[in-house]
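The structure appears right after this line, and notes come after that.
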Amino acid sequence: MQDLTRIERQLRGYRLTTAEILYHLPDHPAVLQSYVWQDLDIAPKFPVLHRFLAFWEREIEGRLHSVRVGAVSLISPGEWRHVDSMLNLH
């Protein structure tokens, strides 16, 4: 799906997804750090987020504590309107 534009992805059901990831600092495991991730993804399965979290667990030293996810549809096909004319005001 990387070859699709952002608008095409949104029209196919992708939503702006934000995830707050809490993870343990590698040198101080008792301390939690927050990381905010954001991308277009498909709710409720979130395949893009799952690929990112798999990458995190494989490549990043900070052990995951929790992930909080929110998603909102930016546009839908019903929100598009054709404009018949455009006026310029000075």
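Tabulated values for the structure
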quantity: Using alpha-carbon coordinates, inclination of helix 47-59 to the longest axis of the chain, degrees; calculated: 30
quantity: Helix-only [θ]222 nm of the chain, DSSP H runs n ≥ 4, -39500 (n - 2.57) each, per residue, nearest 500; calculated: -6000 deg cm²/dmol
quantity: Of (1) 14, 35, 23, 15, 8, 4, 0; (2) 15, 30, 17, 9, 16, 12, 1; (3) 18, 56, 24, 2, the label for P(r) over Cα pairs in 10 Å bins from 0, in percent derived from the coordinates; calculated: (1)
quantity: Gain on full stretching of the segment that runs from Ser85 to Val36 - 0.36 nm per residue minus C-alpha separation; calculated: 13.5 nm
quantity: Potential extension, Lys45-Val72 segment - 0.36 nm per residue separation minus Cα distance; calculated: 8.3 nm
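Values in this text are rule-based calculations from the coordinates and carry no lab data. Keep in mind the model is a prediction, meaning the values are calculated, not measured.
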